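The values are calculated or read from the model by the stated rules, or taken from the named source; none is laboratory data. Since the structure is predicted, the reported quantities are computational estimates derived from the model, not experimental observations. Cβ coordinates were reconstructed from backbone atoms using ideal geometry, including for glycine residues, and neighbour counts include every protein chain displayed. We work out accessible area using only protein heavy atoms, side chains counted, and drop any ligands, DNA or RNA first. Shrake-Rupley method; radii C 1.70, N 1.55, O 1.52, S 1.80 Å.
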Amino acid sequence: MSAMALRSLNLPGVGTKYEFETDKGDTVAIFFTKTGAVQMYTLQKGCRTPSAAEMSPVEARRLGNILTGAIIEADQESVEIAFSALADLRITIHTFFVTAAVVGKTIEDLQIRAKTGATVIAVCRHDRNIINPPPTFVFEEGDAALVIGESDQIKKFEREIMVN
Amino acid sequence: MESLIVALFVCLVLALVTKYLSIPAIPFYILAGVLLGKAGGGMLTNNEISQFFSEMGLIFLLFFMGLGLKPERIASNRTAVLTSGIIDLNVNMIIGFAAAYLLGFSFTESLIIASAFYISSTAMALTSLIENRKLMLRESDTVIWLMVFEDLVLIIFLALLSAGNQNLIIFFAKILAVLGILYALAHYGKEFLISILDRDDELPILFTFAAVLTTASFSMYLGVPETMMVIALGVAFATTDPDAFEQHARPFKDVFLVVFFVFFGVTVDFSGGANWFVIGAISILAVASKLISGLLTGIFIHDSALSGLEIWANTIARGEFSIALAVLYGSPLVGTTIAAMVIVTSIVGSFMAKYSGILRRGLVSHSRHKALTRRPH
């Protein structure tokens with residue numbers, strides 16, 4: 001893999017700029033502005049006028065997830081983190097909207113960890129986050145669960161717990 | 001008190017409208033002050049409270065500018081920054097001074113008008129680069145560093161203009177002494193400052209406000225310009241945690257600065273004694289002289305007159321610093337001239353910055369067209 005020349009630059013009064021040129025000669029520049037907005041510019045090789053998109057921090061993170069190759073379905077998203085120092089440990093964090101199969105049941109009833117190996121680390125309910133829900137935690141309709149595990153464990157969770 | 005509340009309410013509406021239309025708000029704050037002040041039957045009048053708010057606005061503007069000037073931030077392309085800065089300074093100071101002097105202003109007045117004429121609005125230039133999505137253009141870097149250069153020149157102007165008739169040696173010795181104290185405080189008290197800024201209670205914001213006001217009044221007591229000292233305070237604090245200071249000073253700056261602009265407008269009197277020819281000439285020259293300096297910068301730095309046009313479009317607007325100079329050192333007549341120049345240039349500037357892309361493309365296709373038609377068949 002060739003080393004990609006990524007330049008980062010502090011622009012006084014504006015923010016931070018990251019710029020790099022792809023192997024094919026296109027240029028991508030990202031600006032984190034002081035206003036909080038993130039601007040992304042792409043300049044095709046041989047072109048003079050770049051095209052730009054302005055994103056909120058949330059949108060920028062979304063784009064980041066897409067670019068890192070995480071799966072994004074309608075309203076589910078997933079991030080895979082690779083720890084190269086730990087024998088290439090790859091951990092996936094995935095969000096699921098609970099299905100009828102789990103509503104009204106506790107984490108203990110579902111035997112999530114025993115059956116799949118994955119762990120529910122947070123549940124989002126009515127815009128509030130419940131971190132580390134206890135085994136007695138009862139799922140309700142509309143909950144979004146954040147599940148962590150290896151990608152096989154996540155797939156198992158989706159197959160065996162969410163669909164029943 | 002009523003004046004202040006009317007002013008704040010009008011500004012709130014203006015801020016909403018200008019943000020919605022994404023045009024600069026500063027000219028409209030001034031116009032509101034003009035229309036509601038002397039010209040508009042005196043609905044707004046300057047009083048002690050508005051005076052105090054305006055002073056705070058100016059002080060926080062300068063403190064903020066100081067925070068942005070981080071000593072360790074030295075441009076990688078120093079020669080380019082220096083070249084563009086010197087072109088910009090010379091062209092605009094010379095044209096501004098010559099114009100003002102020939103139009104009948106005194107030597108000192110011409111110097112103040114020339115300084116206000118020279119210094120572009122950093123706020124408007126940077127906002128326009130971001131809002132018009134021009135950050136990736138190579139001319140943007142030139143514009144951004146030009147603004148830093150102008151800020152540095154402004155500090156020198158403030159020192160020279162406020163020296164007045166004092167003994168220069170004593171004056172600069174006093175300035176150096178205060179600077180030394182500020183740097184020592186920021187250097188040796190760094191950990192203490194950061195521990196204060198990290199707190200969640202009212203302490204960080206209280207500390208920021210008190211530090212700025214104390215510095216201002218202390219330098220007034222010593223007879224050194226408080227404007228310079230609050231900038232120096234900003235630069236000194238920038239060595240600790242500038243982002244935290246920006247965050248805590250921003251609410252003060254935002255509110256007080258708006259009041260500053262409106263009540264500057266109130267002091268402006270276009271009706272009595274204003275010479276429209278002088279005002280018009282200075283305003284038009286202000287747009288034209290940045291075109292000359294922009295084109296020269298474009299040719300020298302980027303080898304392209306079209307780049308110069310882009311630099312011009314983003315630096316036409318004069319704003320907060322020009323007004324600061326008018327308020328600090330200008331006579332009413334100078335103030336009126338600078339007010340008109342700020343209003344004209346900031347409106348022309350915002351328009352040009354928005355449509356500079358179209359202008360450039362138009363010129364390019366026009367010259368191509370000419371080249372094609374000239375080709376012998």
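Summary table
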| quantity | calculated |
| --- | --- |
| Those lysines that a straight Cα-Cα span of less than 22 Å connects to B:Lys190, excepting residues fewer than 8 apart in one chain | B:Lys70 |
| Reachable lysines from B:Lys290, criterion Cα separation under 18 angstrom, eight or more residues apart if same chain | B:Lys354 |
| Segment A:43-164, dipole about Cα centre (Lys/Arg Cβ +1, Asp/Glu Cβ -1), debye to the nearest 20 | 360 debye |
| A:Leu67-B:Glu48 pseudo-label distance in nm [points 7 Å out on the Cα-to-Cβ vector] | 5.7 nm |
| Peptide B:130-141 - average C-beta neighbours from other chains (10 Å radius) | 6 |
| Theoretical FRET efficiency, 1/(1+(r/R0)^6), r = Cβ-Cβ of A:Arg125 and B:Ala15, R0 45 Å, to 0.05 | 0.75 |
| Cut-off 13 Å between beta-carbons: net charge of the residues surrounding B:Ile194, Lys and Arg +1, Asp and Glu -1 | -2 |
| Interface burial for B against A (accessible surface, 1.4 Å probe, total of both chains, Å², rounded to 100) | 1800 Å² |
| Charge-dipole axis of segment B:68-155 as Lys and Arg at +1 and Asp and Glu at -1 on Cβ define it, positive-most pick from B:Met93, B:Met147, B:Gly104 | B:Met147 |
| Kirkwood hydrodynamic radius of chain B, from inverse mean 1/r over distinct Cα pairs, in Å | 21.7 Å |
| Helix axis angle, B:305-315 relative to chain B longest principal axis, alpha carbon, degrees | 30 degrees |
| Local electrostatic count at B:Leu158 - Lys and Arg +1, Asp and Glu -1, tallied over other residues with Cβ under 13 Å | -3 |
| Accessible surface of the protein assembly as shown [probe 1.4 Å, protein heavy atoms]: carbon and sulfur percent | 64 percent |
| Degrees separating the helix A:57-67 axis from the principal Cα axis of chain A, which is the longest one | 90 degrees |
| Three-way shape call for segment B:145-291 based on the alpha-carbon gyration tensor, with the a/c threshold at 1.5 | prolate |
| Cα-centred dipole magnitude for the protein assembly as shown, charges only on beta-carbon of K, R (+1) and D, E (-1), debye, nearest 20 | 1940 debye |
| Spacing of the two label points (7 Å from each Cα toward its C-beta) at B:Ser22 and A:Thr95, in nm | 2.7 nm |
| Within straight-line cross-link reach of A:Lys24, lysines at Cα separation under 27 Å, skipping those fewer than 8 residues along the same chain | A:Lys45, B:Lys134 |
| Exposure ranking of B:Trp312, B:Trp276 by accessible area [1.4 Å probe, largest first] | B:Trp276, B:Trp312 |
| Estimated FRET transfer efficiency (B:Tyr355, A:Thr22; beta-carbon r; R0 25 Å; 0.05) | 0.20 |
| Mean Cβ count within 10 Å, highest first, over the residues of peptides B:121-128, A:49-56 | B:121-128, A:49-56 |
| C-alpha long axis of helix B:138-163 to longest principal axis of chain B, angle in ° | 50 degrees |
| Exposure of B:Lys19 as accessible area (Å², to 10), given a probe of 1.4 Å and all protein chains | 140 Å² |
| Per residue, in Å², the accessible surface of segment B:241-287 once ligands and nucleic acids are set aside, probe 1.4 Å | 40 Å² |
| Listed residues B:Ile169, B:Ser283, B:Gly37: farthest to the positive end of the dipole of the protein assembly as shown (Cβ charges) | B:Ser283 |
| Once the Cα gyration tensor of the protein assembly as shown is diagonalised, semi-axes √(5λ) in Å | 50, 31, 23 |
| Dipole magnitude (debye, nearest 20) for chain B, charges at Cβ of Lys, Arg, Asp, Glu | 1720 debye |
| Counted charge near B:Ala353, where neighbours are those whose Cβ lies closer than 13 Å (Asp, Glu -1; Lys, Arg +1) | +2 |
| Label zone at A:Ile81, where the point sits 7 Å out along the Cα-to-Cβ direction: segment A:143-164 residues whose backbone N lies under 15 Å | A:146-151 |
| Highest-first arrangement of B:211-219, B:228-236, where packing means the average Cβ count within 10 Å | B:228-236, B:211-219 |
